[in-house]
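To keep things clear, I will list the structure first and then write my remarks on it.
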Amino acid sequence: MHEQNGRARLLSVASAGKRFSISAEFFIIAAGALETPRLLLNSLPSSSRLQTAMPWWLGRNLIDHPVGYLSQARYKRKLARSSAPAGVLHGMQLDMEVQMELGLPNHTAFLRPGFSRRPVPNRAIMAFLGIRGPRDLALSHLASLVRHPYILWRIASQKLRLPARRPYGDLFFMTEQLPNPDSRVSLSDTRSDQSGFPLAQVDWRLGEQDLALFERFHQLAVNAMRAYPDVETIRVDAQSIWTASVCSGAHHLGTARMAAVEADGVVDPDLRLFGFDNVWIGDGSVFPTAGSANPSLTICALSHRLGTHLLGRMQPG
């Protein structure tokens with residue numbers, strides 16, 4: 001990125017082995033919470049203003065939705081397939097007053113039909129999240145299919161809509177991660193892209209407070225399940241299992257957080273990059289916190305808001 005007097009004037013681009021430049025009045029970066037900080041951090045050597053004006057928060061506060069299975073309910077009878085529409089899960093959240101009283105984040109517990117008494121192979125099944133087609137399959141995925149019958153059963157029951165006639169209910173948690181400046185995206189010292197620019201180096205970290213607050217919510221969820229008359233027994237798994245197997249929900253957020261002033265973030269409330277008059281960020285990296293829900297609709301709403309703001313700037317006067 002080349003700038004002059006606080007305005008970006010020229011953007012150097014590489015694609016398909018070719019390099020070219022783009023000149024524009026407005027620049028909007030929308031590459032996601034992993035690539036957006038990488039693009040900006042890679043601009044540092046080429047601009048003295050970027051070197052001095054780049055906010056301290058850039059690349060920091062990488063937050064996500066930690067997800068995973070923990071514990072299981074065994075029902076008194078076998079369960080038929082849920083009456084909920086396809087893709088909808090039964091879940092539990094805390095009443096707002098209770099949540100505020102206990103000081104807990106926005107955690108959610110979902111109930112999924114279980115396959116057997118054995119714990120769900122969390123890391124193995126979550127590895128399938130990123131598969132969009134046969135080209136994304138790796139040997140590790142094939143090995144997981146052989147080692148874990150649960151995964152084959154899940155795929156068959158979801159794709160073929162087979163009836164789930166088993167007495168088990170696995171607890172699946174989607175949790176809110178607290179902001180953490182030490183959880184971050186930086187530039188790799190050893191790996192570069194085809195154009196020679198360093199790739200992103202991801203250091204996603206959960207804090208001790210994240211784990212402690214989840215342990216409290218897990219216990220509340222287990223106690224709530226015990227109160228159901230149809231539940232026969234509860235298998236309560238140790239917190240150490242969650243700590244060892246918790247995974248990213250693939251909702252990467254927070255590395256260019258929005259703030260009122262530069263000391264607290266990377267973009268202002270209008271999503272403009274601090275230190276620049278004509279650069280905005282329009283993706284999930286601007287989230288200051290993660291919440292507990294999928295972020296896509298919020299990203300769309302922010303993008304619509306940014307578009308409206310820019311149209312207003314373009315009007316005469």
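Annotations
- Look at the alpha carbon pairs under 8 Å that are at least 6 residues apart: their mean separation over the length of the chain gives a relative contact order of 30 percent.
- P(r) histogram, all alpha-carbon pairs of region 214-317 included - 10 Å bins from 0, percent: 12, 29, 22, 17, 12, 6, 1
- S15 versus F197: modelled label distance in nm, points set 7 Å from Cα along the beta carbon direction: 1.3 nm
- Per-residue ³J(HN,Hα) for region 35-40, Karplus 6.51 cos²θ - 1.76 cosθ + 1.60, θ = phi - 60°, Hz, x for Gly and Pro: 8, 4, x, 4, 4, 6
- Å³ per residue enclosed by the Cα convex hull of region 100-141: 146 Å³
- Karplus-derived 3J(HN,Hα) values for region 57-71, using 6.51 cos²θ - 1.76 cosθ + 1.60 with θ = phi - 60°, are 6, 4, x, 8, 6, 5, 10, 8, 10, x, 10, x, 9, 7, 6 Hz; glycine and proline are entered as x.
- The loop-placed trypsin sites (Lys or Arg not before Pro) in region 103-157, going by DSSP, that have at most 13 neighbouring Cβ atoms within 10 Å of their Cβ come out as R117, R132.
- Under DSSP loop assignment and at most 14 Cβ neighbours within 10 Å, longest chymotrypsin sites (Phe, Trp or Tyr not before Pro)-free interval of the chain: 57-317
- Cα gyration tensor shape of the chain, rounded if a/c is under 1.5, else prolate or oblate by comparing a/b with b/c: prolate
- Full extension of the chain segment joining W204 with N294 gains 30.6 nm, where the gain is 0.36 nm per residue of separation less the Cα-Cα distance.
- Spin-label pair R123-V236: with each label point 7 Å from Cα along the Cα-Cβ axis, the two points sit 2.6 nm from one another.
- Prolate/oblate/rounded label for region 67-245 (Cα gyration tensor, a/c 1.5): oblate
- The aspartates and glutamates within cross-link reach of K78, meaning a Cα-to-Cα straight distance under 13 Å and a gap of 8 or more places when in the same chain, are D230, E232.
- Simple spin-label estimate for A143 and I28 in nanometres, 7 Å along Cα-Cβ: 4.4 nm
- Distance between the C-alpha centres of region 87-137 and region 273-307: 25 Å, rounded to the whole angstrom.
Taken together, the values in this text are just the output of simple stated rules run on the coordinates, not laboratory data. These numbers come from a predicted model, not from an experiment. Positions of Cβ are backbone-derived with ideal geometry, glycine not excepted, and every protein chain shown enters the neighbour counts.
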